[in-house]
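The values are calculated or read from the model by the stated rules, or taken from the named source; none is laboratory data. Only a predicted model underlies this, so the values are computations on that prediction, with no experimental measurement involved. Note: ideal-geometry Cβ built from the backbone for every residue, glycine included; neighbour counts use all protein chains shown. Surface accessibility is based on the protein's heavy atoms, side chains included, excluding ligands, DNA and RNA. Shrake-Rupley method; radii C 1.70, N 1.55, O 1.52, S 1.80 Å.
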Amino acid sequence: MSEVVFPPLSSQDESFSPKEGWSVLHLFCKGTANLDFASVMVAHKSAVADGYQIIPFGLLGHKAQIGFLALGPSFVRLKEFQRDLERSGLSVVDSYVSMTEVSEYASGMPKDRKEPRLHPLLPPSGMYNICFYGMSKKRGEKDNWYSLSYEERERMMFGHGASGRAFAGRVVQLVTGSTGVDDYEWGVTLFGARPDDLKEVVYTMRFDEASALYGEFGPFYTGVIGDIESVLAASF
Ligand code: 76R
């Protein structure tokens with residue numbers, strides 16, 4: 001039998017980048033006794049120098065101390081960023097893997113509105129409160145989103161978009177697709193001008209048909225975004 005030869009793992013190999021959009025990794029970490037701030041900063045700087053966006057945030061509560069939203073072309077480079085953080089003495093206690101996408105209900109949007117969905121510039125200016133959670137649409141015996149017609153789903157998603165737009169200037173959503181790659185179907189990252197904007201938008205949407213009947217949610221993480229030095233200083 002001939003031996004299978006694997007290529008070296010490389011972030012330049014485009015087979016590890018989505019054909020459309022970016023790779024996304026949310027990392028939720030705690031500090032270990034070996035935590036080295038300088039080396040976390042080098043990890044951050046080196047990913048940014050490679051053209052990746054890294055958004056650091058200090059997390060509130062017991063689930064984790066510091067979080068990073070990392071996005072860019074290659075899953076390999078995101079993996080290396082994770083490795084660099086772990087070598088710096090951070091322990092990853094939770095995470096989420098996803099990809100940017102244009103929702104099928106937004107596929108009719110003009111190109112200039114789709115482009116920022118695929119390649120967003122984050123965080124949105126003035127919105128430094130962040131929350132994250134996984135979300136799926138229910139596949140129950142009675143309420144099964146995936147057995148509805150496209151027209152019915154589209155009608156509900158238009159309703160969802162309309163109630164979302166009432167939060168223009170206060171909340172921006174980043175919905176990244178994760179069906180088949182992580183535990184939920186989407187990662188929902190919300191950026192809010194004020195912490196209560198996050199609470200209000202999620203509460204309001206609980207009444208949208210699409211969420212009231214079909215929304216299923218994972219654990220929530222909430223934090224505050226800042227530059228890497230101040231987020232480290234606030235977290236440890
Ligand atoms: O992209 C667009 O702006 C078009 C309209 C739109 C789509 C297609 C939109 C707008 N969303 C879309 C898709 Mn949303 N969103 C959530 C949550 O649903 C909940 O109950 C809570 C989680 C919030 C708070 C929120 C906010 N949205 C989606 C999808 C993917 C569905 C699919 O593709 O099948 C999910 C899972 C989801 C969840 N949404 C908006 C908002 C807000 C504030 C808007 C206004 C536009 C914006 O700020 O980007």
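Quick look at the values:
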quantity	calculated
Count of residues meeting criterion [near the ligand (Cβ under 6 Å from one of its atoms) and surrounded by 15 or more Cβ atoms within 10 Å (Cβ to Cβ)] in the stretch 162-172	4
Whichever residue in the stretch 100-113 is open to solvent by less than 40 Å² (accessible area, probe 1.4 Å) and closer than 23 Å to PHE75 by Cβ and, among such residues, is nearest to the ligand (Cβ to nearest atom)	VAL102
Segments classed as strands (runs of 3 or more DSSP E), wholly inside the stretch 5-105, with at least 2 members that are over 17 Å from the mean Cα position of the chain (by Cα)	23-31, 90-100
One residue from GLU154, GLU115, GLU141 being over 18 Å from GLY67 (Cβ atoms) and in contact (Cβ under 8 Å) with a residue 24 or more places away in the chain	GLU154
The stretch 173-184 - residue that is open to solvent by less than 80 Å² (accessible area, probe 1.4 Å) and in contact with a helix residue (DSSP H, G or I) (Cβ under 9 Å, 6 or more places away or on another chain) and, of those, nearest to the ligand (Cβ to nearest atom)	VAL175
Unmet criterion (only one of (1) open to solvent by less than 50 Å² (accessible area, probe 1.4 Å); (2) modelled with pLDDT under 95) for VAL5	(1)
Strands (runs of 3 or more DSSP E) within the stretch 155-236 that include 1 or more residues of a type outside the set (Lys, Arg) and in contact with an Asp or Glu (Cβ under 8 Å, 6 or more places away or on another chain)	171-177, 221-225
Those residues of the stretch 83-98 which are crowded, with 20+ Cβ neighbours inside 10 Å and closer than 14 Å to ASP182 by Cβ, in sequence order	TYR96, SER98
In the stretch 114-161, residue farthest from the ligand (Cβ to nearest atom) [restricted to those that are open to solvent by 70 Å² or more (accessible area, probe 1.4 Å) and within 19 Å of the chain's Cα centre (by Cα)]	TYR128
Positions within the stretch 1-37 being of a type outside the set (A, V, I, L, M, F, W, C) and farther than 30 Å from PRO120 by Cβ, in sequence order	SER2, GLU3, PRO7, PRO8, THR32, ASN34, ASP36
Residues of the stretch 13-59 satisfying the condition of being among the polar types (S, T, N, Q) and surrounded by 11 or more Cβ atoms within 10 Å (Cβ to Cβ)	SER17, SER23, THR32, ASN34, SER39, SER46, GLN53
